[in-house]
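The structure under discussion appears below in the form of C-alpha cells.
The values are calculated or read from the model by the stated rules, or taken from the named source; none is laboratory data. Note that the structure is predicted; figures quoted are calculated from it, not measured. Counting neighbours? That spans all protein chains shown, and the Cβs are built from the backbone with ideal geometry, glycine included.
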Amino acid sequence: MGSDKFTKFNNNYPVNIELKVQWGDMDAFNHVNNVMYFRYFESARLAYFERIGVMDKSNKNSIAPILAETSCRYRLPLNYPDVILVGARVIEVHSHGFLMEYAIYSHTHKCISSIGTGRIVMLDYKTHEKVAVSKRTLNLIKELSPFF
C-alpha cells in the first residue's frame, strides 16, 4: 500500500473512500459489471459533496447538485476479491456547476483501473432552473483543489 502510485493517487484525489469489491458486483464474465463503476463513482461523489457541505439537510433552500452527464474509461477489469480506493476531485468550475473526475485504485493490481467524470449542475428544485454555485461552495472546492 505504500507504493508511489498509491501515494500519488491520494495526493491527486483529496476525497477518497475505500470499498470492498463484492461477489455480487461481478457479472457472468467474472469481472465487475460496468454499472458498478458508476455506483463506486457515486459513493465518492457523495463523500465529496458531504465534505463541501452541499448534502447538508439543514440547508433550508431547495438548491442541490444534480448529475447532468457522466462517463467512464475502463483501463483494467476488477474482480472479487479486491479492495478499491475511489477518489474524487473537481477539475473544472463553471458558473452553474463543476466537472468532477473520479478514479478507482485497485489494491490487488496496485494501479488505477478506471477513470470517470461527472458534470454537476446546481439546480433549484422548486423552479427546475440551474443556479450559480455559491461562493461558500466554491471556496470549499478551492480548499480541496488548490490548483484552481
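Here are some residues: 105, 48, 37. Which one is aromatic (Phe, Trp, Tyr), within 28 Å of residue 25 (Cβ to Cβ) and not in a helix (DSSP H, G or I)?
The conditions single out 105.
Residue-wise test of (1) within 18 Å of residue 37 (Cβ to Cβ); (2) in contact with a Lys or Arg (Cβ under 9 Å, 6 or more places away or on another chain); (3) among the charged types (D, E, K, R).
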{"site": "67", "(1), (2), (3)": "yes, yes, no"}
{"site": "112", "(1), (2), (3)": "yes, yes, no"}
{"site": "118", "(1), (2), (3)": "yes, yes, no"}
{"site": "123", "(1), (2), (3)": "no, yes, no"}
{"site": "127", "(1), (2), (3)": "no, no, no"}
{"site": "132", "(1), (2), (3)": "no, no, no"}
{"site": "139", "(1), (2), (3)": "no, no, no"}
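For the stretch 24-34, give me each residue that is closer than 13 Å to residue 77 by Cβ and assigned to a helix (DSSP H, G or I).
Once the filter is applied, which keeps residues that are closer than 13 Å to residue 77 by Cβ and assigned to a helix (DSSP H, G or I), the stretch 24-34 yields 25, 34.
Which residue, of 78, 85, is buried (at least 18 other Cβ atoms within 10 Å of the Cβ) and not in a strand (DSSP E or B)?
Unique residue meeting the criteria: 78.
Name the single residue that is farthest from residue 96 (Cα to Cα) among those in the stretch 54-68 being modelled with pLDDT of 85 or more and either outside any loop (DSSP other than H, G, I, E, B) or of a type in the set (Gly, Ala, Ser) (or both).
Result: 62.
Quick check on residue 128: is it without any contact (Cβ under 8 Å) to a residue 60 or more places away in the chain and either farther than 28 Å from residue 20 by Cα or out of contact with any Leu (no Cβ under 8 Å at 6 or more places or on another chain) (or both)?
Criteria met by residue 128.
Residues of the stretch 23-58 being of a type outside the set (D, E, K, R), free of Cβ contacts under 8 Å to residues at least 40 places away in the same chain and exposed (fewer than 12 other Cβ atoms within 10 Å of the Cβ), which ones?
Hits for the stretch 23-58 are 24, 28, 29, 35, 58.
Just one of the numbered conditions (1) over 22 Å from residue 24 (Cβ atoms); (2) hydrophobic (A, V, I, L, M, F, W, C); (3) touching a helix residue (DSSP H, G or I) at 6+ places or on another chain (Cβ under 9 Å) is not true of residue 78; which one?
The single condition residue 78 does not satisfy is (1).
It is to be established whether one or more residues within the stretch 89-99 are part of a strand (DSSP E or B), β-branched (Val, Ile, Thr), touching a His at 6+ places or on another chain (Cβ under 6 Å) and exposed (fewer than 15 other Cβ atoms within 10 Å of the Cβ).
Checked against the condition, which is being part of a strand (DSSP E or B), β-branched (Val, Ile, Thr), touching a His at 6+ places or on another chain (Cβ under 6 Å) and exposed (fewer than 15 other Cβ atoms within 10 Å of the Cβ), the stretch 89-99 yields no hits at all.
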